[in-house]
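Working notes, structure below.
The values are calculated or read from the model by the stated rules, or taken from the named source; none is laboratory data. Model, not experiment: these values are computed from the prediction. Cβ placement follows ideal geometry from the backbone for every residue including glycine, while neighbour counts extend to all protein chains displayed. Protein only, heavy atoms only, side chains kept; ligands, DNA and RNA dropped before computing areas. Shrake-Rupley method; radii C 1.70, N 1.55, O 1.52, S 1.80 Å.
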Amino acid sequence: MDNLRGSILMLVAMAGFAAEDLFVKLLSENMPVGQILMMLGTAGCVTFAIATRAQGTRLISPVLLTRPVILRNVGEIIAAVTYITALALADLSTVSAILQATPLAVTLGAALFMGAQVGWRRWSAILVGLIGVLMIVRPGLDAFDVSSIFAVISVVGLAIRDLATRAIPTSVSSMQLSCYAFGTMVPTGAVMLMFHGEPSMPDPLAWAYLLGAMVFGVMAYYFIVGAMRIGEVAAVTPFRYARLIFALILGMSLLGERPDTWTLIGAAVIIASGLYTLIREQRLARHAFRQAKPKGPL
């Protein structure tokens, strides 16, 4: 394992995802969300279809109709629709801060629906993380922005996607799953256009934004896979939270955003809770591994 290289790749991946979010937000200024979904979905589906075939893997497989894959695609649709809507309506830094609650939502879902054992320490961390989300959203107060609810719903969608992925056989490649996920965005965007927004012919600037979103998104996906393969999970996963730092830099320098104190405090609370949960899970995993190791003869 090369943790240094893995950590660097994870940082590059998070910078790529933050840049992708920036381009999507810029694209949403003059294009309806449904059209963005269709264009990104088409480009992503074609990209990962080519990658899947390059691996010698079939594109169409019976696994496509299995319950875990369908549930994963449903979660992906929920996350994509609400996340792009949130980017269109709310500040990039606010949306990215709320997104950091995804690992906590995954732990919560695993405990509630998959029978995962979660002790009082991790339950406390989840509760503290949810308080951090409330610090950012602030429902019922003057600073409340209803558009931030879309970011919260996207966290739920991402948690559904990640939990469903755990139930999918390892014989199904990440490229296949990504191809399916992007493919479902195309009809979803078409349905959205039927009810809201008029499609428009992209101008050269919009095409540039779309190209930027695709290039940085695919690059980030490639690097995050590389990071998880060459580095230990406990070493590289904490660097996922760097996405928020990159989003803050881009939002403040290029979009003129100025997140308030409560947003920054809430983001710090979410990250601290997530890191504690990660550390606790890794400690429990090591303990279980030691207990499972066969003991030598006495």
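Within the stretch 237-293, being among the hydroxyl-bearing types (S, T, Y) and not in a helix (DSSP H, G or I) holds for no residue. Under the condition of being hydrophobic (A, V, I, L, M, F, W, C) and open to solvent by 50 Å² or more (accessible area, probe 1.4 Å), which residue from the stretch 265-283 is farthest from L244 (Cα to Cα)? Among residues in the stretch 265-283 that are hydrophobic (A, V, I, L, M, F, W, C) and open to solvent by 50 Å² or more (accessible area, probe 1.4 Å), the one farthest from L244 (Cα to Cα) is I279. Looking at this structure, is N30 at pLDDT below 90, in contact with a helix residue (DSSP H, G or I) (Cβ under 7 Å, 6 or more places away or on another chain) and within 30 Å of A267 (Cβ to Cβ)? Answer is yes for this residue.
Tell me whether the stretch 203-216 contains one or more residues that are within 21 Å of the chain's Cα centre (by Cα) and within 29 Å of L104 (Cβ to Cβ). Scanning the stretch 203-216 turns up at least one residue that is within 21 Å of the chain's Cα centre (by Cα) and within 29 Å of L104 (Cβ to Cβ).
Sort out which residues of the stretch 137-152 are crowded, with 17+ Cβ neighbours inside 10 Å and of a type in the set (V, I, T), and write them in order of number. Passing the criteria: V137, I149, V152.
Here M214 passes the criteria (1) modelled with pLDDT under 85; (2) surrounded by fewer than 20 Cβ atoms within 10 Å (Cβ to Cβ); (3) under 22 Å from E76 (Cα atoms) except the one numbered (1).
With the condition being more than 22 Å from L250 (Cα to Cα) and either open to solvent by 10 Å² or more (accessible area, probe 1.4 Å) or not hydroxyl-bearing (S, T, Y) (or both), I'd like the helices (runs of 4 or more DSSP H) fully within the stretch 1-102 carrying at least 3 qualifying residues.
Values: elements: 3-27, 33-54, 67-89, 92-99.
Fully inside the stretch 1-102 and qualifying: 3-27, 33-54, 67-89.
Scan the stretch 118-136 and give yes if some residue there is open to solvent by 20 Å² or more (accessible area, probe 1.4 Å), touching a residue at least 24 places away in the same chain (Cβ under 8 Å), in a helix (DSSP H, G or I) and over 24 Å from P238 (Cα atoms), otherwise no. No, the stretch 118-136 has no match at all.
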